[in-house]
Structure formats: structure tokens, C-alpha cells
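**Student:** What follows is a structure written as C-alpha cells; I'll ask about it next.
The values are calculated or read from the model by the stated rules, or taken from the named source; none is laboratory data. Values in this document were obtained by computation on a predicted structure and should not be read as measured data. A quick note on method: Cβ atoms are made from the backbone with ideal geometry, for glycine too, and the neighbour counts reach across all protein chains shown. These accessible areas exclude ligands, DNA and RNA; they are computed on the full protein's heavy atoms, side chains included. Shrake-Rupley method; radii C 1.70, N 1.55, O 1.52, S 1.80 Å.
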Amino acid sequence: SGEAAHHLGRVLRAESGQLYELSDGESVWLARIETVGREEVHFSLVESLPVYVSPVRITLLPAIVKFDRFEWAIEKATELGVDEIVPLAAERSEKGLLAAAAKRAGRWERILTESAQQARRLRVPVLREAAKPQDAFLDVSAQIRLLLSERAGASPMRDLLEPQAARVRGEGVITVAIAIGPEGGWTGAEFSSCKSAGFAEAALGINILRTETAVCAA
């Protein structure tokens with residue numbers, strides 16, 4: 001019903017008899033359209049489909065940057081399998097963007113939904129409210145916590161991941177949190193708060209990447 005029905009009926013021109021995959025976030029079914037109305041599309045379930053659930057649960061903490069780039073980043077993160085997104089109101093994020101971020105939440109939710117559909121994912125990533133880094137870092141309970149850093153002492157991400165992955169591999173599900181800063185990088189206070197929250201500084205190589213590029217690379 002609602003927006004999904006409108007998209008099916010008006011945009012995709014769905015017709016009776018067509019087959020779609022339906023997910024409720026826990027299971028996936030092959031379903032056949034029975035009727036297409038102005039406000040509702042009715043399906044009959046044909047058969048249950050096998051579901052693959054990744055053993056890796058990823059929380060992405062991207063700093064808020066210019067909205068076109070930020071939205072591109074969360075779109076690609078969704079396609080690549082991120083489970084939760086926490087936008088960060090970093091100290092070096094533009095103040096005008098932070099003030100307008102709350103009004104973009106609905107649009108960001110739609111981007112995540114459409115990207116999850118495109119990737120044929122079981123469920124849509126959870127979008128949290130924007131938070132200051134020091135608060136978001138403390139709320140993270142992931143087994144592996146990484147903060148991308150341009151500082152000389154940052155270890156290559158692979159070097160940090162391999163021993164930790166080996167340690168938790170036998171536990172069934174591996175939870176990973178990745179924090180990515182804004183243009184201009186993290187401040188000294190943010191580095192301190194990440195260290196206090198158990199994050200390790202990780203590098204993706206010698207090149208300095210834009211926030212949205214770092215999301216995909218990580």
C-alpha cells in the first residue's frame with residue numbers, strides 16, 4: 001500500500017500475473033500480483049525463497065558532508081551491505097549542513113529503501129539520528145571498531161582486521177563499526193574520544209580520499 005503501491009502501479013506499470021520478490025525483513029517470497037488498484041497492490045505468495053544472511057554486521061558512522069556526496073555514499077553503502085548508518089555531526093562538518101540534516105532524514109530513508117530493493121537485500125539498513133562523534137562512539141558496541149585516519153601512525157586497515165577477525169570468527173556473527181570523517185579530517189578532541197571508546201585508527205593507503213570514496217573503499 002501507500003508509496004510502494006504507487007511506485008508499482010504508476011511508475012513500473014505493474015500488471016496482474018507479474019512475479020516479484022517480497023521481503024518483510026526476515027524472509028523472502030516469490031509472489032504473483034493478483035490485482036493493481038490506485039492505493040493497493042494485492043499479491044499471492046507462490047513459494048518461499050532461500051535467504052543468505054551475512055555473518056558480518058557493519059555499522060557505518062559517516063560524517064555529514066555536502067548532501068549530494070553524502071547521499072551517494074549511503075546509497076553505495078547500502079548496496080555493499082551496511083546494516084546501520086549513524087550520521088556524524090563532526091566538528092569540521094559544515095554548520096549549515098548540520099542544521100538542515102534533520103529535514104533530510106525522510107529523503108535518506110527513501111534512498112536506503114530504494115538501494116536495498118536495487119540490491120535485493122533482505123532488509124533496509126537502520127538509519128539513526130545524527131549524533132556528535134563523542135556520543136556516537138560511546139554508543140557503539142561492535143567487536144571491531146575502526147576510525148579512518150590520515151595520521152602517520154594509523155595502521156593499514158587489513159593489518160587491524162585480520163587478527164581481530166581471527167579472534168571473533170568462531171563466534172558466528174562479527175560486528176564491525178567504521179567511522180569516516182569529513183573534509184578537513186577529525187579534530188584532536190574527536191581522536192581522543194574515539195580512542196577512549198575503543199576505536200583503532202585505520203588507514204586505507206597513502207592517498208587522501210573524499211568521504212564518499214572512503215565509504216566504498218572501507
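**Student:** Among the residues of region 73-85, are any in a loop (DSSP other than H, G, I, E, B), open to solvent by less than 20 Å² (accessible area, probe 1.4 Å) and closer than 18 Å to residue 148 by Cβ?
**Tutor:** yes
**Student:** On the basis of being at pLDDT 95 or above and closer than 30 Å to residue 26 by Cβ, does residue 180 make the cut?
**Tutor:** Yes, satisfied.
**Student:** Then there's this: If I go through region 47-64 residue by residue, how many of them are over 23 Å from residue 166 (Cα atoms) and either crowded, with 22+ Cβ neighbours inside 10 Å or in contact with a Lys or Arg (Cβ under 6 Å, 6 or more places away or on another chain) (or both)?
**Tutor:** Counting residues in region 47-64 that are over 23 Å from residue 166 (Cα atoms) and either crowded, with 22+ Cβ neighbours inside 10 Å or in contact with a Lys or Arg (Cβ under 6 Å, 6 or more places away or on another chain) (or both) gives 3.
**Student:** Please specify each residue of region 169-195 satisfying the condition of being part of a helix (DSSP H, G or I), in contact with a Lys or Arg (Cβ under 9 Å, 6 or more places away or on another chain) and farther than 21 Å from residue 128 by Cβ.
**Tutor:** Within region 169-195, 191 is the sole residue that qualifies.
**Student:** Being modelled with pLDDT of 95 or more and farther than 22 Å from residue 118 by Cβ is the filter here, so list the residues in region 36-45 that pass it.
**Tutor:** Within region 36-45, 42, 44, 45 meet the criteria.
**Student:** Counting just the residues of region 1-28 that are of a type in the set (A, V, I, L, M, F, W, C) and open to solvent by less than 90 Å² (accessible area, probe 1.4 Å), which one comes out farthest from residue 115 (Cα to Cα)?
**Tutor:** 14
**Student:** Here is a further query. So which residues in region 124-168 are out of contact with any Asp or Glu (no Cβ under 8 Å at 6 or more places or on another chain), loosely packed, with under 14 Cβ neighbours inside 10 Å and in a loop (DSSP other than H, G, I, E, B), if there are any at all?
**Tutor:** 129, 141, 152
**Student:** Identify the single condition in (1) touching a residue at least 24 places away in the same chain (Cβ under 8 Å); (2) touching a Lys or Arg at 6+ places or on another chain (Cβ under 7 Å); (3) among the small types (Gly, Ala, Ser) that residue 44 does not satisfy, given that it satisfies every other one.
**Tutor:** (1)
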